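First the structure, then my questions, so here it is.
The values are calculated or read from the model by the stated rules, or taken from the named source; none is laboratory data. Predicted model, so just to flag it, every value in this text is computed and none were measured. Glycine also receives a Cβ, built like all others from the backbone with ideal geometry; neighbour counts cover every protein chain displayed. Side chains are part of the model used for accessible areas, which takes the heavy atoms of the whole protein and leaves out ligands, DNA and RNA. Shrake-Rupley method; radii C 1.70, N 1.55, O 1.52, S 1.80 Å.
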Amino acid sequence: MDGPVTKHAQLRAILLERVTSQWAPHQAIPSERELMAEFGVSRATVREAIRQLVEEQRLYRVHGKGTFVAADRVESRLHLASFTDDMRRRGLVPSTLVRHVRLVPAPVEVTAALGLAPDEEVWEIERLRLAGGAPMALERGFYSNRLLPDLGGIELTGSLYSIMALGYGLRIDGAEQTVWSELATRSTADPLGVGVGAPLMVFRRTSRASGRPVEYVTSWYRGDRYQIHMSLSGT
């Protein structure tokens, strides 16, 4: 690898071409040692080329496992819809792994958000949401046992909004949502398949049915797979 262009820039261009034309999304790329041998460059050159592609979000690292090809991001337009409907609208196959369902005393913030009585119990439901078979979001929601009795005995791998509408007559028609970013901790990184410290987008939503709050949910989305589109207009 000779010429006026730096070696790490040349290697970055070669790896980018493989990312776009040869390697599949979420495929592991060759190790640093393999790339050093193939291209006759130093470890520092390989690391710099990979670092740039990670910063450009064309690759991502998983601690202890290696470096992988990033998939194209899913774009959301911030509308009120279930994850299931949102992914299907984008041509992706949604699926869900239920991590736990349990009846617990409502935490203070849940009691306030849902307008519950003191010491009222709620369903705590944690689910891993996948799109095209790859983890997209980790979701932890709270739901009143008084409004949704026996929710824990229902199949919860589909849309909770459909379950509430069809099984309980509670159709979600409004919500308040806050969005922020944070770095993945061990508890969010492991299920999402990212490294500790990876960027996440966090959504916290209180959803209503006919004006009554029925859902308090926090969702952690992978920053390398999800983005938001907003249309803005002047006043």
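Quick one: would you say residue 132 is closer than 20 Å to residue 191 by Cβ, at pLDDT below 95 and open to solvent by 30 Å² or more (accessible area, probe 1.4 Å)?
Details: closer than 20 Å to residue 191 by Cβ: yes; at pLDDT below 95: yes; open to solvent by 30 Å² or more (accessible area, probe 1.4 Å): yes.
Criteria met by residue 132.
Would you say residue 202 is among the β-branched types (Val, Ile, Thr), open to solvent by less than 40 Å² (accessible area, probe 1.4 Å) and within 29 Å of residue 68 (Cβ to Cβ)? Please lay out each step first, then the result.
Numbers: among the β-branched types (Val, Ile, Thr): yes; open to solvent by less than 40 Å² (accessible area, probe 1.4 Å): yes; within 29 Å of residue 68 (Cβ to Cβ): yes.
Yes; evaluated as a whole, the condition is true for this residue.
If you go through the range 107-129, how many residues are open to solvent by less than 10 Å² (accessible area, probe 1.4 Å) and part of a strand (DSSP E or B)?
Number of matching residues: 4.
Moving on. With respect to residue 208, determine if the residue is farther than 30 Å from residue 27 by Cα and basic (Lys, Arg). I'd like the intermediate steps shown before the answer.
Values: farther than 30 Å from residue 27 by Cα: yes; basic (Lys, Arg): yes.
Considered against the rule, which asks whether it is farther than 30 Å from residue 27 by Cα and basic (Lys, Arg), residue 208 comes out as yes.
Just need a number here: residues in the range 7-24 that are in a helix (DSSP H, G or I), within 29 Å of residue 131 (Cα to Cα) and open to solvent by 80 Å² or more (accessible area, probe 1.4 Å).
The total comes to 2.
Can you tell which of 41, 104 is among the hydrophobic types (A, V, I, L, M, F, W, C), under 30 Å from residue 152 (Cα atoms), open to solvent by less than 80 Å² (accessible area, probe 1.4 Å) and at pLDDT 80 or above?
On the way: 41 fails: under 30 Å from residue 152 (Cα atoms).
Matching residue, one of 41, 104: 104.
For every residue, the table says whether it meets (1) in a helix (DSSP H, G or I); (2) hydroxyl-bearing (Ser, Thr, Tyr); (3) in contact with a helix residue (DSSP H, G or I) (Cβ under 7 Å, 6 or more places away or on another chain).
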| site | (1), (2), (3) |
| --- | --- |
| 5 | no, no, no |
| 26 | no, no, no |
| 33 | yes, no, no |
| 48 | yes, no, yes |
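Since residue 2 meets every condition but one in (1) open to solvent by 30 Å² or more (accessible area, probe 1.4 Å); (2) within 30 Å of residue 218 (Cβ to Cβ); (3) at pLDDT below 90, which condition does it not meet?
(2)
If you take just the strands (runs of 3 or more DSSP E) that sit entirely in the range 139-235, which of them hold at least 1 residues that are touching an Asp or Glu at 6+ places or on another chain (Cβ under 7 Å)?
Details: elements: 174-183, 199-209, 212-222, 226-228.
Correct list: 199-209, 212-222, 226-228.
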